[in-house]
1. Return the residues of the stretch A:11-38 that are within 11 Å of another protein chain (Cβ to nearest Cβ) and either within 14 Å of the chain's Cα centre (by Cα) or surrounded by 13 or more Cβ atoms within 10 Å (Cβ to Cβ) (or both); say none if nothing qualifies.
2. Which of the numbered conditions does B:Ile42 fail, given that it passes all the others? Conditions: (1) surrounded by 24 or more Cβ atoms within 10 Å (Cβ to Cβ); (2) out of contact with any strand residue (DSSP E or B) (no Cβ under 8 Å at 6 or more places or on another chain).
3. What number of residues within the stretch B:359-385 satisfy the criterion of being among the hydrophobic types (A, V, I, L, M, F, W, C) and over 20 Å from B:Val332 (Cβ atoms)?
4. Suppose we filter B:Phe387, B:Phe309 for residues that are within 14 Å of another protein chain (Cβ to nearest Cβ), buried (at least 20 other Cβ atoms within 10 Å of the Cβ) and hydrophobic (A, V, I, L, M, F, W, C); which single one remains?
5. Looking only at strands (runs of 3 or more DSSP E) that lie completely in the stretch B:167-262, which have at least 1 residues being among the charged types (D, E, K, R) and within 30 Å of B:Asp389 (Cα to Cα)?
6. For residues that are within 12 Å of chain B (Cβ to nearest Cβ) and either touching a residue at least 60 places away in the same chain (Cβ under 8 Å) or assigned to a helix (DSSP H, G or I) (or both), tally how many sit in the stretch A:39-55.
7. Go through the residues of the stretch B:483-499 one by one and say whether even a single one is buried (at least 18 other Cβ atoms within 10 Å of the Cβ), among the small types (Gly, Ala, Ser) and at pLDDT 95 or above.
Amino acid sequence: MTELTLTRNLRDPDGFYSNLMAVHEGLSKPESDALNARLILILANHIGDETVLARALHTAAQSARVADRAGS
Amino acid sequence: MTKIFDRALYPYARHPDQDANAPVRHKVVIIGAGPVGLAAAIDLAQRGVPVLVLDENDRVSHGSRAICFAKRTLEILDRLGCGDVTTDTGVTWDHGRVFFGEREIFSFNLLPEDGHKRPAFINLQQYYIEQFLVERAQALAAEGAPLEIRGRNRVEAVGAHSDHVRLEIETPEGPYALHADWLIACDGANSPTRRMMGMDFVGRVFEDNFLIADVVMDADFPTERWFWFDPPFNRGQSALLHKQPDNVWRIDLQLGWDIDREAEKAPERVIPRLKAMLGEDVDFSLEWVSIYTFQCRRMERFRHGRVIFAGDAAHQVSPFGARGANSGLQDVDNLCWKLARVIAGQSPERLLDSYDWERVYGADENILNSTRSTEFITPKSETSRLFRDAVLDLAEHHAFARPMVNSGRLSVPCIYDDGPLNGPDCDALPPRTRPGAPAPDAPAPDAPLDNGWLLDQLGRGFTLLAIGADPPEGLHEIDPALTVLVTTRDKAPVLADRFAGPAPSALYLIRPDQHICARWSQASAADVASALARASGLKHGASHD
């Protein structure tokens, strides 16, 4: 599996989003940043496929540039 | 107590060359009697090449400097005749601990593989290595080997010509000049030779200062490598504690960029720092204190006609990973057999270009690894520190994060994949012994020596190793100097496992520097002859640009 999934893959997107918000609740900005960093590392290890990870890094970096250009 | 570095080991003595009417011509001149220059001199002299070492000093270097010597270095020192004394004097270690803030987050064992003559690492002060190399060089000279070290001979000018190099040398009794067929510059990171020849030395500067203190103390810390990220005694920075022989301990403290370097070196600043780390009631004395910054950089090419650069003169890395002196010794290992063949007329000069290709490749690998370690140890942005700390926090609880903790990726020998001297590979044989790799050691119980080791059996020239197969007929006609070793799985099971894996038979052609150049499951004399020609530079391989 070397394709990065960019179509819907979560059965309950609202549930995941709400869980993500919940673990950040009450945290300071530095605490939240640290949690996000740990989360990225945990997920990266779980994915384990370096091609997928490289595509995810690229997609994340590209999306930011598109958003910046759109002024959002 | 008089330390070894307080004694003149090769004092200045007037030489007839200084009174000659015209510059005397030498085969090989080496500038610098550090570990790299001395090892090169020994290697060449053992091959019968006359060699002269010029050093601006007359004694081993002051302070511990390089302390961590890898297995491959010990194997090279075995070949040079001082592996035993180095290993026996050094401290063998394989455990490490990593601390983050107040907590120990994990410990590791290098888990060295059994069935090797030498351990994964020893710690030993650089002045010991230099002393052993000087003693070995002097013993060789006493036996009549063509090796000479001239102390307090400082090279002031280098003139590179197409067929020789001219050297202007300053001594306590005035100047003289020499000519050399070949010059090897082993004069360190600030190489005067490189500067005199106007060569670039570009790379990346890391804006950080580190305090090195070698302290003598009777402490009951175990023989382990301890590394701290953000310790309470050096907030926001890193620290390292490592044991050397004679109760000397290496302490390395990151200090940051904006400091007063002279003030930080003063004992009244150093001692409180060390007490904060070691405890108020630990008695210690300072043997050596230094503050260093570092760069990761290399010359674009290491060979410039008849001038060849080796060691720190050619490339420089951060100290994390013990890749300085260890890679310098690998330079020597790679260069000397090639230069000896060229001087003897057995190989064309272009064989030396493979030194350039292989050791530039090695330097790039070392620079990559040490740059990555440096980025992890000394994060330079808020985000890099965020992720670095996240890795450390996770490492305390989860195994997956521990391999990401980078407190230095310790030196392993370079594998010259796709190197210009590599010959045929054989897919049926194990990956670790592919062409370009250093031959792994293995017990060789049927060797002429009882319970011997493979690496000790390899020849001064090329070696053909045959496992479970007869070597082809007629090898002696191809290369009279070829060493042929024949064994079987029954006699040497570990060796067969490392070199043949599950395959029933294997034949390996091994270079004089113990790197593998070609391998087959079955081979004819013509196959071996072809690979030998390629590895000797007699036949062009694929181009490498």
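1. Correct list: A:Ser32, A:Asp33, A:Ala34, A:Leu35, A:Asn36, A:Ala37, A:Arg38.
2. (2)
3. To start, the set of residues in the stretch B:359-385 that are among the hydrophobic types (A, V, I, L, M, F, W, C) comprises B:360, B:363, B:367-368, B:376-377.
Going one step further and asking which of them are over 20 Å from B:Val332 (Cβ atoms), we end up with B:368, B:376-377.
Of the residues in that region, 3 qualify.
4. B:Phe387
5. Ranges flagged: B:202-217, B:224-229, B:238-244, B:248-256.
6. Final tally of qualifying residues: 9.
7. Yes, there is a match, as at least one residue in the stretch B:483-499 is buried (at least 18 other Cβ atoms within 10 Å of the Cβ), among the small types (Gly, Ala, Ser) and at pLDDT 95 or above.
Here is a yes/no grid of residues against (1) crowded, with 18+ Cβ neighbours inside 10 Å; (2) of a type in the set (A, V, I, L, M); (3) more than 19 Å from the chain's Cα centre (by Cα); (4) farther than 28 Å from B:Phe227 by Cα:
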position: B:Arg59; (1), (2), (3), (4): yes, no, yes, yes
position: B:Arg65; (1), (2), (3), (4): yes, no, no, no
position: B:Leu74; (1), (2), (3), (4): yes, yes, no, no
position: B:Gly96; (1), (2), (3), (4): yes, no, yes, no
position: B:Phe99; (1), (2), (3), (4): yes, no, yes, no
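The values are calculated or read from the model by the stated rules, or taken from the named source; none is laboratory data. Just so we're clear, the structure is a prediction, and the values are computed from it rather than from any experiment. In this analysis, Cβ positions are derived from the backbone assuming ideal geometry, glycine residues included, and neighbour counts consider all displayed protein chains.
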